[in-house]
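Contents: one structure, followed by commentary.
Values in this text are rule-based calculations from the coordinates and carry no lab data. Since we're looking at a predicted model, the values are computed, not measured. Cβ coordinates were reconstructed from backbone atoms using ideal geometry, including for glycine residues, and neighbour counts include every protein chain displayed.
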Amino acid sequence: DIDEQGKVISHYELYLTAMREIGTNTDQIDKFYNLVCSGVSVKTALKQVNINKETTDFVIFTMDIVGSGETHKIASVFTFGREDLIPEMFIEMVRELRTQGHSNLTTLEYYLQRHIDIDGDEHGPISLRMVEELCGDDEVKWQEAILVAKMALQNRIKLWNGVLLNLVQPLSI
C-alpha cells in the first residue's frame, strides 16, 4: 500500500501507524506478530496474547479456511466476509468519527478511506468475479462457498460484538 505521502508501506504497517497515532496500545498485536514471525503457529501465538475469545475464534476460523487449500472457499470467505462488507462499514465509521470531532485521526481516516476506495472499487468486484470463476458450474462448490460465506459473516458479527463488549468492559492487562 502507500501512506498519505505516497510512500510505499504495508497495509499492516499503515494500520499500526493509525492505531498508534490515536493512542491505542499495540503491545498485544506486536507480541502476536513477533511470535508468528519467530515461527510460532498462529493458534499457539493466539494463546500467548491477551485478546478476547471472539477475536481468537475469528482468526482461527479464517486460518482454518486458508489452511484448507480449497480456493473457492478461501475466495468466498474473503469476498463476502471482507471485500464486499468492509467498505460500507468503514464509510459509517469515517462519518461518525468526523461528527464526533476527534483529533489525531489523519492516518486512521486515510487507512479507512483506502479500504473504502480499494475494497469498494477494485477488490470487491474482482473478488466477486473470482468466486464465480472458481465455482463455475459446480453446484457443490457453490453450496460450500455459500456455507463458508455465512460462517464468515457470523464470525465477523461475533468479532465486532466482542470488540463492543471490550469497549464497555476492557480486558485487564
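Around C135, what is the net charge, scoring Lys/Arg as +1 and Asp/Glu as -1 over all other residues with Cβ under 13 Å from its Cβ?
Values: positive: K73, R129, K141; negative: E70, E132, E133, D137, D138, E139, E144.
Summing Lys and Arg as +1 and Asp and Glu as -1 gives -4.
Measuring from label point to label point, each 7 Å out along Cα→Cβ, what is the D57 to S41 span in nm?
Going from the D57 label point to the S41 one covers 2.1 nm.
What does the highest-first list of 13-23, 27-37 look like by mean Cβ count within 10 Å?
Details: 13-23: 15.7, 27-37: 14.1.
Per-residue Cβ counts within 10 Å, averaged per peptide and sorted highest first, yield 13-23, 27-37.
Put a dot 7 Å past each Cα toward the Cβ at S68 and Y110; how far apart are the dots in nm?
For Y110 paired with S68, the spin-label model returns 3.8 nm.
By how many degrees, 0 to 90 and rounded to 10, does the Cα axis of helix 106-118 deviate from the longest principal axis of the chain?
That works out to roughly 10 degrees.
Using Cα positions and a limit of under 28 Å, work out the lysines in reach of K141, with same-chain residues fewer than 8 apart set aside.
Within the straight-line cut-off, K141 pairs with K43, K73, K150, K158.
Which value, in nm² and rounded to one decimal, describes the direction-averaged projected area of the C-alpha convex hull of the chain? Each step should come with its number before you reach the end.
On the way: hull surface 44.2 nm².
Projected area, direction-averaged: 11.0 nm².
Quick one: go through region 56-77 and flag any residue whose amide nitrogen is under 15 Å from the point 7 Å out along the Cα-to-Cβ line of K31.
56
Compute the separation of the alpha-carbon centres of region 1-28 and region 95-160 and state it in Å as a whole number.
19
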